[in-house]
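The values are calculated or read from the model by the stated rules, or taken from the named source; none is laboratory data. Not measured: the values here are computed from a predicted model. As a convention, Cβ positions derive from the backbone with ideal geometry for all residues, glycine included, and neighbour counts pool all protein chains shown. For the accessible areas, the whole protein counts, side chains as well, though only heavy atoms, and no ligand, DNA or RNA atoms are used. Shrake-Rupley method; radii C 1.70, N 1.55, O 1.52, S 1.80 Å.
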Amino acid sequence: MCKPGQRFYTETFSRSLISAFIMSWTTIESDAGVFTDLIESLGVSGIEVEELYTLDEETLRNFSDIYGIIFLFKWKKPDGKPDGELDYESIDRIFFGQQVINNACATQALLSVLLNHNEEINLGPKLNEFREFTKLLPPDLKGEALGNSEDIRCAHNSFARSDPFVSDETKVATEDDDVYHFIAYTNIDNTFYELDGLQPAPINHGTCTKEEFPKRAVSTIQSRIGKYDPSEIRFNLMAISEDKRLTISNNSDLTEEEKAASIAAEDDKRAAWKRENQLRRHNFLGLIVELSKLMAKDRIAQNTWDTTIEEAKKMYTMEK
C-alpha cells in the first residue's frame with residue numbers, strides 16, 4: 001500500500017522515464033534483419049538490407065539492384081578535408097539532412113539512400129509524405145524534422161535492446177570513448193555521393209554510372225578504411241538492394257521448382273530475422289531473477305546452500 005503522496009511521486013517518476021524513452025533515440029544494432037524490418041515498419045516494400053562480408057566488385061555485382069551501401073565505422077576527429085568535394089549546390093536537388101539527434105545516424109543513413117531513390121523504390125505513404133514535407137528545407141532543418149518525426153523515431157526505438165534501467169540523462173562522449181557512426185554511399189543522377197549527417201553538405205566523389213557504382217564504392221570505402229591502423233577491424237557494411245524474393249521471381253533462367261526452393265530459403269531467413277528481433281525486444285531480467293530464486297530455494301531445501309556459496313567464492317577468487 002502506498003503512503004499518502006507516494007503513489008503520485010511513483011507515477012510521476014514512471015511517466016518521466018517513459019517520456020524520456022519516447023522522446024529520445026536509442027542505440028540499435030547494426031544488423032541486416034533489424035534494418036530490413038525497420039524500413040518495412042515504415043512502409044517500404046520490395047527492399048531488403050544485406051550484410052556484406054567481403055568488399056569486392058564481384059560481390060556487389062551479384063545484387064540485381066543495389067541502391068546504396070551503409071558503412072559503420074569507429075568515428076575519429078577528421079584530420080583534413082574529405083576525399084571528395086562538399087557539394088552545396090546539390091542540397092536543393094537531393095535529400096540530405098544533418099544529424100542533430102544522438103543515436104539517429106543508423107536510420108538517417110538508411111533514409112538518405114531510400115529517399116533519394118523514391119522513383120525506383122516504393123517508400124509507402126509515411127516516407128513519401130515526409131520527403132514531400134522536407135524537400136524545401138535546408139539540411140539542418142531536415143535533420144530536425146527527422147529527429148522530431150514520431151513515426152520514424154518510434155520505428156527506430158522499437159528495435160532497441162530491452163533495458164530494465166532507463167535513464168533520462170544524456171552521457172557526453174569523451175575522447176576515451178569508442179564512438180561509432182553510420183554513413184551512406186549512393187549513386188544519384190550519375191554522381192557518386194557520400195551522405196554523412198555530420199558534414200554540412202553531401203560529399204561528391206565524381207561522376208558514376210549505375211554500372212560503375214560497385215567499382216567506385218569499393219575503391220572509396222577501401223580508401224576510407226586505409227586511414228585507420230591496420231589492426232582496426234571494427235567496420236560493418238550493409239547493402240540496400242531489391243528484395244531477393246523479387247529477384248528470384250523475375251529470374252527467367254530458373255525453373256519454377258528452383259524458384260520455389262530459393263524463395264522458401266529466403267522466407268526462412270526472414271522468419272529467423274523476425275524471431276531474433278522479438279528476442280532483442282524481450283527483457284529477460286525477470287526470468288533471470290526468478291531462476292535465481294528457484295535455484296537458491298532448491299539449494300536451501302537440499303541443505304547445500306553453504307557449499308554453493310563457498311564454491312562460488314572459490315571460483316571468484318580464481319578468476320581474479
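Within the range 112-123, the residues that satisfy the criterion of being surrounded by fewer than 18 Cβ atoms within 10 Å (Cβ to Cβ) and either modelled with pLDDT of 95 or more or within 18 Å of V49 (Cβ to Cβ) (or both) are N118, E120, N122. Only a single criterion out of (1) buried (at least 19 other Cβ atoms within 10 Å of the Cβ); (2) under 10 Å from the mean Cα position of the chain (by Cα) is not satisfied by Y67, namely (2).
Under the condition of being within 12 Å of the chain's Cα centre (by Cα) and in a strand (DSSP E or B), the residues counted in the range 25-49 number 1. Looking only at residues that are open to solvent by 10 Å² or more (accessible area, probe 1.4 Å) and assigned to a helix (DSSP H, G or I) in the range 140-154, which one is nearest to K126 (Cα to Cα)? Top of the filtered list is D151. Of the residues making up the range 180-192, those that are open to solvent by less than 30 Å² (accessible area, probe 1.4 Å) and over 20 Å from the mean Cα position of the chain (by Cα) are N187, I188, T191, F192. Scanning the range 88-111 for residues that are in contact with a Pro (Cβ under 9 Å, 6 or more places away or on another chain) and buried (at least 19 other Cβ atoms within 10 Å of the Cβ) returns F96, G97, Q98. Going by the structure shown, is S112 farther than 25 Å from D31 by Cα, in contact (Cβ under 8 Å) with a residue 24 or more places away in the chain, out of contact with any Asp or Glu (no Cβ under 6 Å at 6 or more places or on another chain) and in a helix (DSSP H, G or I)? Considered against the rule, which asks whether it is farther than 25 Å from D31 by Cα, in contact (Cβ under 8 Å) with a residue 24 or more places away in the chain, out of contact with any Asp or Glu (no Cβ under 6 Å at 6 or more places or on another chain) and in a helix (DSSP H, G or I), S112 comes out as no. Against the test of being modelled with pLDDT of 95 or more, within 27 Å of R281 (Cα to Cα) and among the charged types (D, E, K, R), the options K74, K126 yield a single qualifying residue, K126. Of the numbered criteria (1) under 27 Å from A109 (Cβ atoms); (2) over 28 Å from the mean Cα position of the chain (by Cα), the one K244 fails is (2).
Can you spot a residue in the range 50-64 that is modelled with pLDDT under 90 and either part of a helix (DSSP H, G or I) or over 20 Å from Q222 (Cα atoms) (or both)? Yes, the range 50-64 has at least one match.
Scanning the range 308-319 for residues that are open to solvent by less than 90 Å² (accessible area, probe 1.4 Å) and of a type in the set (V, I, T) turns up T308, I309.
The rows are residues; the columns are (1) touching a Lys or Arg at 6+ places or on another chain (Cβ under 6 Å); (2) of a type outside the set (V, I, T).
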{"site": "C208", "(1), (2)": "yes, yes"}
{"site": "E211", "(1), (2)": "no, yes"}
{"site": "R216", "(1), (2)": "no, yes"}
{"site": "T220", "(1), (2)": "no, no"}
{"site": "R224", "(1), (2)": "no, yes"}
{"site": "K227", "(1), (2)": "no, yes"}
{"site": "N236", "(1), (2)": "no, yes"}
{"site": "E242", "(1), (2)": "no, yes"}
{"site": "S252", "(1), (2)": "no, yes"}
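Here are I101, I91: which of them is part of a helix (DSSP H, G or I) and either touching a residue at least 40 places away in the same chain (Cβ under 8 Å) or more than 21 Å from the chain's Cα centre (by Cα) (or both)?
Within the list I101, I91, the selection yields I91.
Kindly establish whether L137 is free of Cβ contacts under 8 Å to residues at least 40 places away in the same chain and either assigned to a loop (DSSP other than H, G, I, E, B) or over 29 Å from R234 (Cβ atoms) (or both).
Yes, satisfied.
A count restricted to the range 32-47 and to residues that are open to solvent by 20 Å² or more (accessible area, probe 1.4 Å) and in contact (Cβ under 8 Å) with a residue 40 or more places away in the chain stands at 4.
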